[in-house]
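What follows is one structure encoded as structure tokens, with my remarks underneath.
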Amino acid sequence: MTPNRETQEKRQHSTTWIPYSYYECRLPEWFVNVPMHWHSEFELIYILHGRGEFICGSRKLEAGEGELLLIPPNMLHATYPCREQKAVLTEKEQEGCGGSFSKAGLVPMVYDALVFSPVMLGAGSGDRCTNECIRPVIKGNIRTNVCIRRGAAAYEELKALAERIFSCVRDNSARSDLLLKSELLRLIWTLEESGEIVFEKGGTGGETEAVRPALEYMALNFREDITVEQLAGLVHLSESHFMRCFRKAVGIGAIEHLTQLRIQAACEALSDGAEQIADIAFACGYSNLSNFNRQFLKRVGCSPKEYRKRNRET
């Protein structure tokens, strides 16, 4: 199933004029996590410091400093910080991440993300290269190794490519876009040559596709009252089967995912505006302020008031 315009991520990552967006990301310092979502663009992630947990389609993995992820279009994906007990940072890693852990016991992670349109790879042309090598990646008809580990066959070359790619996007000029296109094409070529992209029929996990309509609905309506019964009915599954499929596809339960969507929206509102905390809680789907404060503290590691103060100071 390919998401339509109504169910894609609302943020616009690319335009005809500039077909990509660059993001510097710090978890959990700037935002607690990146909840499950999808978009019609590719996403290249380069981890600079720390480590985190990623869900990409039906795959769940942990990646750390120096490692790369290439997420193809329309793949459901999410990013979460690791817990301290799962991964203890070295002093060097702690320094690179700002030298502090959150009160929630989360390991900080800093990474660069480039979300780019397939047109950067020549997706609009009809030559054999595009038809045989690019479009299968876009459509998800091939198997790709989403995470490029340090021990990968062409790791050093891929790492150097990633560094040049992010250098281009930071420069943010038409001249740099020319080099950026060539480096992205070389990235795909290198991945194929090293066996990280295998041109054979594959596909995303059945659980991922089964719960995708529910994820779409939650992304658009997380401010409303939503029940497991309602979500299960939406995808025509029994509640128990839906909960098993959802946890297998997303890594957490449906109610926990709903809570994360609400807390993420609250974090954005606390950072961007001057609304009363009670109004933000209500706007994010909470009818009880004390419950909102409790859920926020549990997942962010500080109160909403402390979070707003911290973000205004940075």
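The values are calculated or read from the model by the stated rules, or taken from the named source; none is laboratory data. Every value quoted in this text rests on a predicted model; they were computed, and no experiment measured them. Every residue, glycine among them, receives a Cβ derived from its backbone with ideal geometry; neighbour counts consider all protein chains shown. Just the protein is used for accessible areas: all its heavy atoms, side chains included, with ligands, DNA and RNA removed. Shrake-Rupley method; radii C 1.70, N 1.55, O 1.52, S 1.80 Å.
Which of the residues that make up segment 11-30 are open to solvent by 30 Å² or more (accessible area, probe 1.4 Å) and under 12 Å from the mean Cα position of the chain (by Cα)? Of everything in segment 11-30, just one residue is open to solvent by 30 Å² or more (accessible area, probe 1.4 Å) and under 12 Å from the mean Cα position of the chain (by Cα), namely Tyr23. For Ile280, are the conditions met, namely being part of a loop (DSSP other than H, G, I, E, B) and touching a residue at least 24 places away in the same chain (Cβ under 8 Å)? Answer is no for this residue. Flag not set for Arg310, criterion: open to solvent by 20 Å² or more (accessible area, probe 1.4 Å), under 21 Å from Val228 (Cα atoms), part of a helix (DSSP H, G or I) and not hydrophobic (A, V, I, L, M, F, W, C). Please tell me if Leu220 is open to solvent by 20 Å² or more (accessible area, probe 1.4 Å) and either assigned to a helix (DSSP H, G or I) or without any contact (Cβ under 8 Å) to a residue 12 or more places away in the chain (or both). Yes: the conditions hold for Leu220. The residues of segment 283-305 that are modelled with pLDDT of 90 or more, open to solvent by 60 Å² or more (accessible area, probe 1.4 Å), part of a helix (DSSP H, G or I) and not hydrophobic (A, V, I, L, M, F, W, C), listed by number, are Ser290, Arg294, Lys305. The single residue among Leu191, Leu184, Leu178, Leu158 that is aliphatic (A, V, I, L, M), at pLDDT 90 or above, closer than 24 Å to Tyr23 by Cβ and loosely packed, with under 13 Cβ neighbours inside 10 Å turns out to be Leu178.
Just one of (1) open to solvent by 60 Å² or more (accessible area, probe 1.4 Å); (2) touching a helix residue (DSSP H, G or I) at 6+ places or on another chain (Cβ under 9 Å); (3) in a helix (DSSP H, G or I) fails for Glu268. It is (2). Listed by first and then second residue, the pairs linking a residue in segment 111-128 that is on the phi < 0 side of the Ramachandran plot to a residue that is among the aliphatic types (A, V, I, L, M) and part of a loop (DSSP other than H, G, I, E, B), with Cβ atoms under 8 Å apart and 6 or more places separating them unless they lie on different chains, are Ser117/Ala123.
Looking only at segment 85-132, filter to residues that are closer than 20 Å to Glu163 by Cα and assigned to a loop (DSSP other than H, G, I, E, B); which one of those is modelled with the highest pLDDT? Only one residue tops the list, namely Ser117. Please tell me if Glu207 is of a type in the set (Asp, Glu) and farther than 24 Å from Ser125 by Cβ. Spelling it out, Glu207 is indeed of a type in the set (Asp, Glu) and farther than 24 Å from Ser125 by Cβ.
In segment 1-67, counting only strands (runs of 3 or more DSSP E) that sit wholly within it, the ones holding 3 or more residues that are of a type in the set (A, V, I, L, M) and either at pLDDT 90 or above or in contact with a Phe, Trp or Tyr (Cβ under 8 Å, 6 or more places away or on another chain) (or both) span 42-56.
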